[in-house]
Amino acid sequence: MPKASEVTGCRARACDGKDPESMRCDLPDLVRTPVERTAAGGEQVQLRYGTRCGAAWGRVRHGRIGDRVEVVVPGVTPRSVRVLDRFDAEASLVTPMAAARGPEGVRLCLYPAGGGPKECFPA
């Protein structure tokens, strides 16, 4: 089995704030999805955890322009992404990563466009 650094571009704190896709933390064999929900507005949100990278991130599909998704790891700066235009809304967007020892205690929150009530999902 290759070392994490040979497969992914970062590990733990070195991943903090980085893109999970460009760091290869989202490879199918290296990721878990402890939360997968459809929010009240139809947005599909996921909390993803890169087992080799030691980091968590959020993903949104079918977002609406103005939606914001945030991943919250205790003791780490929250990371978020906002749906800015129709291209973002049609795509799958991910937040930057937040270093985490595991998905336990991590929360994923959706702040819907238009100021509706936030929806949070714990791991």
(request) Would you work out which of Val69, Gln44, Gly116 lies farthest towards the positive end of the dipole of the chain, given +1 charges on the beta-carbon of Lys and Arg and -1 on that of Asp and Glu, about the Cα centre? (result) Val69
(message) Could you compute the net charge surrounding Val72? Neighbours are other residues with a C-beta less than 9 Å from the C-beta of Val72; K and R count +1, D and E count -1.
(response) +1
(request) Could you work out, for region 28-87, what percent of all Cα-Cα pairs fall into each 5 Å distance bin, beginning at 0 Å and stopping at the bin that holds the largest distance? (result) 4, 18, 25, 24, 16, 10, 2
(request) Find out how many positive minus negative residues lie around Val45, taking Lys and Arg as positive, Asp and Glu as negative, among other residues whose Cβ is under 13 Å from that of Val45. (result) +3
(message) Through the Karplus equation 6.51 cos²θ - 1.76 cosθ + 1.60, θ set to phi - 60°, convert the phi angles of region 79-92 into ³J(HN,Hα) values in whole Hz; use x for Gly and Pro.
(response) 10, 9, 9, 10, 6, 9, 8, 5, 5, 4, 5, 7, 9, 9
(request) Treat every Asp and Glu Cβ in the chain as -1 and every Lys and Arg Cβ as +1, leave all other atoms uncharged, and give the resulting dipole magnitude about the Cα centre to the nearest 20 debye. (result) 300
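Values in this text are rule-based calculations from the coordinates and carry no lab data. Computed from a prediction, not measured in an experiment: that's the story for all the values here. Counting neighbours? That spans all protein chains shown, and the Cβs are built from the backbone with ideal geometry, glycine included.
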